[in-house]
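Structure first, commentary second.
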Amino acid sequence: MKDFNFKIPQNIEFGAGSLKKLPKILKADESEHVLLVSDRGLESIGVVKKVQDIIEAGNITCTLFLDVIPNPTVDTVNQAAALYRECGAESIVALGGGSSIDVAKAVGVLANYGGKITDYEGLHKVPGPIVPVTAIPTTAGTGSEVTASAVITDESRNYKLSVISYEILPKYAVLDPELIMTAPASIAASCGVDALIHAIEAYISDFATPFTDAMAEKAMELIGGNIRRFVANRTNIEAASAMMLGSNFAGIAFAWAKLGNVHAMSHPVSAYFHVAHGVANAVLLPAVMEYNGLADDGRYEKIYHYISRKKESAADFEPQMLIDEIRELNADLGIPASLSEIGVTEDKIEAMAEDAMKSANVLANPRQTNIRDMIALYKKAM
Ligand SMILES: [Zn+2]
């Protein structure tokens, strides 16, 4: 067994209605003024107002920054950081999917250390603790409330930069499953599969440890057993709770075990063809799992049992059974079966493969991958 280190430094509050604990959480940090970072979509359906009211009812001043966009940019971070300084807030509340939480982490860095977010790009460049961030995810999900990375788009380079440092982990995560019950079925499906893929890639990663395995296995059990009924009916509180917690566990698993080729390959697909992150991952998953089958050490069978609805024991298990099961799950959830169906064209494969090879996730993938393998994987997924 390899040596490893593991910690979960967050305070995690879970439960339907747990939003109501926000004033108590914020007061624990002596915050009397917070910057609430969110987006216009959540404003339009009244979720921002709901959270703002809860915060203000605790006699805490709440300044709003609602201009977070999907794939938030360096500019988004600069605007939010400027507002943070101007308004005199003492901590940050992030409400939304990965984009709002990532922006909050980046603002937390700039608020304490100044400069530009590009100064902190890469591994462990954040010099110390950031402003306290309370993350409230509204999707299940990115797991960003428990991960040590923030992904910000640098438009000047047409590149998605990552700030990766354990200093940027949010201090608090508030998981209220009622928040994901209004998601449209398509969002529930793509975010849910993304969370499942976080667990799967962390589970078969070269950096997996017994701790990350435990988190990944529980995540696969929760998500595998509930994703279909959650997509079918988002108001099913049992299913919503399982998805929210599963997404959180998957986030903890991959924060430490990293991901693999699916995520390495999906970022270029999203960058070139503006495909939603979860959809790109789900479409790539069968081809990558087929490729990684050669490295399987018995974990494929365990993953199979977490996501399969066939209850008979698979005595003669073969990796291909898992691939078929994943294709069936994608089909059930309305996920397209190939990259060409989501608008990807052959002419960009080489450029995407080159970008994918730059991802640190390639190093965690269980089967070693070179540029030729990467090109073949994209072609296979077409
Ligand atoms: Zn993901």
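Is segment 1-131 rounded, prolate or oblate when judged by the Cα gyration tensor, a ≥ b ≥ c being the square roots of its eigenvalues, rounded requiring a/c under 1.5 and prolate requiring a/b larger than b/c? Judged from the Cα gyration tensor, segment 1-131 comes out oblate (a/c at least 1.5, b/c at or above a/b). When the C-alpha to C-alpha distance is required to be over 25 Å, the pairs from Lys20/Lys160; Lys7/Lys358; Lys218/Lys310; Lys27/Lys116; Lys24/Lys50 that qualify are Lys20/Lys160; Lys7/Lys358; Lys27/Lys116. Simple rule: put +1 on each Lys or Arg Cβ and -1 on each Asp or Glu Cβ in the chain, find the dipole, and look at Ala82, Ala257, Asn281; the Cα lying farthest toward the positive end is Ala82.
Model label sites at Arg40 and Leu123, defined 7 Å from Cα along the beta-carbon direction, differ in position by 4.0 nm. Exposed loop sites here mean GluC sites (Glu not before Pro) with a DSSP loop assignment and at most 12 other beta-carbon atoms within 10 Å; the chain contains its longest site-free run at 156-311. Counting only whole DSSP H helices of the chain, the ones at least 27 Å long by C-alpha along their axis and with mean Kyte-Doolittle hydropathy no lower than -1.0 are 185-204, 237-257. Distance distribution P(r), segment 224-331, all Cα-Cα pairs, bin width 5 angstrom from 0: 2, 11, 16, 21, 24, 17, 7, 2, 0 percent. The residues neighbouring Ala240, those whose beta-carbon lies less than 11 Å from its own, together hold a net charge of -1 under the Lys/Arg +1, Asp/Glu -1 convention. Straightening the chain between Ala82 and Phe14 buys 21.3 nm, computed as 0.36 nm per residue apart minus the Cα-Cα spacing.
If R₀ is 35 angstrom, what is the calculated FRET efficiency for the pair Ala28 and Phe273, using the beta carbon separation as r and rounding to 0.05? So, using R0 = 35 Å, E works out to roughly 0.20. Charge dipole (Cα centre; +1 on Lys/Arg Cβ, -1 on Asp/Glu Cβ; no other charges) of segment 1-74 amounts to roughly 280 debye.
The local environment of Leu285, defined by Cβ-Cβ distances under 13 Å, has a net charge of -4 under the rule Lys, Arg +1 and Asp, Glu -1. Using a simple spin-label model with pseudo-atoms 7 Å out from Cα toward Cβ, Arg372 and Lys358 lie 2.4 nm apart. Among the chymotrypsin sites (Phe, Trp or Tyr not before Pro) within segment 1-62, those in coil by DSSP and having at most 14 neighbouring Cβ atoms inside 10 Å are Phe4, Phe6. Taking other residues whose beta carbon is less than 15 angstrom from the beta carbon of Leu22, and scoring Lys, Arg as +1 and Asp, Glu as -1, yields -3. If the chain linking Met321 and Glu301 were pulled fully straight, counting 0.36 nm for each residue of separation and taking away their Cα-Cα distance, it would gain 6.3 nm.
Normalised size of the chain, defined as Cα radius of gyration per 2.2 N^0.38 Å with N residues, equals 0.95. Can you tell me how segment 170-278 classifies by the Cα gyration tensor, rounded, prolate or oblate, using a/c under 1.5 as the rounded cut? Here segment 170-278 falls in the oblate category.
Each reported figure results from applying straightforward, stated rules to the coordinates on display, with no laboratory input. Because the structure is predicted, anything quoted here is derived from the model rather than measured. FYI the Cβ positions are ideal-geometry reconstructions off the backbone, even for glycines, and counts take in every protein chain you see.
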